[in-house]
Each structure stands twice: as C-alpha cells, then as structure tokens.
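Asks: My questions all concern the structure below.
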Amino acid sequence: MTNNIKQAIIIGGGPAGVSAALYLARAGQKVCIIENGPGALAKAHKIDNYYGIAASGAKLYAAGLEQARSLGVEILQDEVLGVEYTDRFTLSLKNTDEQLQTEALILATGSKNITLNLPGLIELEGKGISYCAVCDGFFFRKKNVAVLGNGAYALHEAAYLKQLADSVTILTNGQSGDAAKAAGFEVNTSVLQAIEGNGKLSSIRFTDGSTLAVDGLFIALGTADSTDMARKLGAELNGRFIRIDGDGATNIPGLFAAGDCTGGLMQVAKAVHEGARAGLTALKFLRQRQAGENSNK
C-alpha cells in the first residue's frame, strides 16, 4: 500500500469545504478535496437567501467544485472509510488502496441525518452501543459483537472488529447484505425492532420475533461523516457535533472543522464563513510547520 502526501486535505466538497480550499489554494498550498456528492444540499430546490445567488443546491455545489478546480485544487470523488493520526493524518479510501497523508485536515462533510428510532438505542449508548470501532473495539475483545450497516463504512468497521472480537455479525436491517457475505462476514438481514438490556446491552430483537445475543453493537449507517472521523481521532465533541474554538480548530493539532458538523445555524452563509476561517487557520498552522522545517535544514 502506497502513501500520497498532500499539504492539506479537506473532506467534503460543499460550501464549507470549498471555502476552506479557496483560501488555502490562493495562498499557494497544494490542496485536495475528497467529496462524495452534495448530500443534503442536493435536496435544496432553490437557495435564494445567500448573497448574490439564486440557484438549486446541486448547481451551487457543482459551481463551487469548479471554482476550486480552476485554482488548482485536486478533487477526488471517493468515500473516506477511516482516518488515523501518528505524526500526520492518514486516510483510507473506498476506491483505492493508496492512502492519503497530510499535516492539515479539515472536516466539512456536513451532519449525518441517518438515524433509527429504536427502543433502547439512546438508553444503551455507551453501555454496549458504540459509534466507533477504533475507539471502543478494545473493550469487546473475545466477545460477540454486531455492526449495524450495509455499506463500505460498515464493512471497514467490521474488519477492524474482526481482529478483536470472537464473532462479528453484520446487521443489514432488511437489506440484502451481499457485499458483507462476499467479504466473509456472518450476516443477519432481519429488520430490527428493539435494543434490549438492563443497564447494559444484552440482545437485539427483530420484527420476525428472533433475537441475537451480543455484547456490543457498533452503529455504522451510511458513510462516515465528520463527527465519526473526529471521534476516531479523539477530538472533543459537543453532543453529535464537533467542538471547535473561535478559529475553527479542534483540540487535535492540525485538525479543523467547518459547516453543519459543528452545529449551530445550518445555512450556507454560516458554512462559507466557517470554511474560510478554518482554511485561514489551517494556513497559519501549515506555514508555522513549514517555517520550522526550513529552520532545521
């Protein structure tokens, strides 16, 4: 597996991500945006409350990427499956074995809206239910766990847990699970009805009346969003949002966030503002790193 090093990587190609990219690119940094489609912005039939713009969300998204591309920003259409940090950030992608590395990472994928209204889910969060295999997999060594999800992100989480747990079952909640079966995982395609346990997760009940005894349940619905990645890196959260300071920085050096993933006003204007701020803060961070490297030569 080869590594490809970038000066700055932005995950998310919407208003926040592109705004950050524009400021970094105009300052001479080599920037890469990893985007996986417009997400919630695609549902906006018309945006007419943003300065100088009256367009659909999809059109605004496409125009933003084209503007970034015209300034030399590299645009990768892919899905980020995992992020790790040692001396720099290392990203694993869905469609390539090549890993990307960078010293400055900006999270701007928006906020995930995929939820399940399951009895017991909220009550047992942190008591057997987790949203991060890297964070919590250690606590389920030699135990029986399940992963809820049916995409590449769920398979990535399951593959990590397979190295630790006695058994890993992928729950597809009514979907086929062909990809999970092909990858060699135990698959349960039944529709979930409830999460059960008395102060601690003990089993999952399905609508067909069957149950599955498990010690742990890892939620990996859809794709990994900014909060999922921040959690894996140890960044501080504010509920389901990423906690940032007044400059768009997290508590992890080199990690920044902007847009809906930070909470507050879910509007294009706010996303653009936070993206610009995060981009400028990342630029300052990179220049300090680059100055330090030059002084050591």
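Asks: Check each of the trypsin sites (Lys or Arg not before Pro) in the stretch 1-81 and keep only those in coil by DSSP with at most 16 other C-beta atoms within 10 angstrom; list them in order.
Replies: Those that pass, being in a loop and sparsely packed, are Lys30, Lys46.
Asks: Could you tell me which residue out of Ile122, Met229, Ala152 lies farthest along the dipole of the chain toward its positive end? Charges go on the beta carbon: Lys and Arg +1, Asp and Glu -1, centred on the Cα centre.
Replies: Met229
Asks: Mind listing the long-range amide H neighbours of Gly222? Cut-off is under 5 Å, sequence gap 5 or more, other chains count too, H placed in the peptide plane at 1.01 Å from N.
Replies: Answer set, sorted by chain and number: Asn150, Gly151.
Asks: Any idea which of Ile219, Gly246, Ala291 is furthest toward the positive side of the dipole for the stretch 207-297, if Lys and Arg beta-carbons carry +1 and Asp and Glu beta-carbons -1?
Replies: In the stretch 207-297, that residue is Ala291.
Asks: Let me know the whole percent of all Cα-Cα pairs from the stretch 96-250 that are separated by more than 18 Å.
Replies: Tail of P(r) above 18 Å: 60 percent of Cα pairs.
Asks: Where in the chain lies the longest segment free of GluC sites (Glu not before Pro) that are both loop residues by DSSP (not H, G, I, E, B) and have at most 14 other Cβ atoms within 10 Å?
Replies: Result for the longest clean stretch: 124-235.
Asks: Note the angle between two axes, namely the Cα long axis of helix 268-295 and the longest principal axis of the Cα atoms of the chain, as a number of degrees from 0 to 90, rounded to the nearest 10.
Replies: For 268-295 against the chain, the angle is about 70 degrees.
Asks: Now a separate question. Please give every one of the aspartates and glutamates within straight-line cross-link reach of Lys94, meaning a C-alpha to C-alpha distance under 13 Å, and leave out same-chain neighbours fewer than 8 residues apart.
Replies: Straight-distance partners of Lys94: Glu35, Asp78, Glu79, Glu157.
Asks: Multiply the residue gap between Ser295 and Asp247 by 0.36 nm, knock off their C-alpha separation, and tell me the result in nm, one decimal place.
Replies: 14.7 nm
Asks: I'd like the Karplus ³J(HN,Hα) series for the stretch 33-48: coefficients 6.51, -1.76, 1.60, θ = phi - 60°, whole numbers in Hz, and an x wherever there's a Gly or Pro.
Replies: Those phi angles translate into 9, 9, 10, 10, x, x, x, 4, 4, 5, 7, 7, 4, 8, 10, 10 Hz.
Asks: Roughly speaking, to the nearest percent, how much of the chain's 1.4 Å accessible area is carbon and sulfur?
Replies: Its accessible area is 49 percent carbon and sulfur atoms.
Asks: Cysteines of the chain lacking any other cysteine beta carbon under 4.7 Å?
Replies: Isolated Cys, the chain: Cys32, Cys261.
Asks: How high is the relative contact order of the stretch 1-67, in percent, counting Cα pairs under 8 Å that sit 6 or more residues apart?
Replies: Working: 84 pairs, mean separation 20.5, N = 67.
For the stretch 1-67, the relative contact order is 31 percent.
Asks: Per residue, how much accessible area does the stretch 21-177 have with a 1.4 Å probe, in Å²?
Replies: 51 Å²
Asks: Still on this structure, please answer the following. Can you tell me the accessible area per residue over the stretch 199-288, all protein chains present, probe 1.4 angstrom, in square angstrom? Please report the intermediate quantities before stating the final value.
Replies: Working: 3610 Å² over 90 residues.
Using a 1.4 Å probe on heavy atoms only, each residue of the stretch 199-288 averages 40 Å².
Asks: Over what distance in Å are the Cα centres of the stretch 225-279 and the stretch 42-86 separated?
Replies: About 17 Å separates the Cα centre of the stretch 225-279 from the one of the stretch 42-86.
Asks: Additional query: Would you mind checking the tilt of helix 152-162 against the longest principal axis of the Cα atoms of the chain, expressed as 0 to 90 degrees and rounded to 10?
Replies: Its long axis makes an angle of about 60 degrees.
Asks: Could you give the spread of the C-alpha atoms of the chain along their three principal axes, from largest to smallest, in whole angstroms?
Replies: 58, 51, 35
Asks: Related question: For Met266, Met229, what's the largest-to-smallest order of accessible area, 1.4 Å probe?
Replies: From most exposed to least exposed: Met266, Met229.
Asks: A further question on this structure: How much of the DSSP bridge set in the chain is antiparallel, in percent, rounded to the nearest 5? List each step's numbers first, then the result.
Replies: Values: 21 of 55 bridges.
Among the beta bridges of the chain, antiparallel pairing accounts for roughly 40 percent.
Asks: Turning to a different aspect of this structure: Please enumerate, by chain and number, the lysines with C-alpha under 19 Å from the C-alpha of Lys200, excluding those fewer than 8 residues away in the same chain.
Replies: The reachable lysines, counting only those whose Cα sits under 19 Å from Lys200, are Lys127, Lys142, Lys143.
The values are calculated or read from the model by the stated rules, or taken from the named source; none is laboratory data. On a predicted model such as this, the values are computed, not experimentally measured, just so you know. All Cβ positions, glycine included, derive from the backbone under ideal geometry; neighbour counts span all protein chains shown. These accessible areas exclude ligands, DNA and RNA; they are computed on the full protein's heavy atoms, side chains included. Shrake-Rupley method; radii C 1.70, N 1.55, O 1.52, S 1.80 Å.
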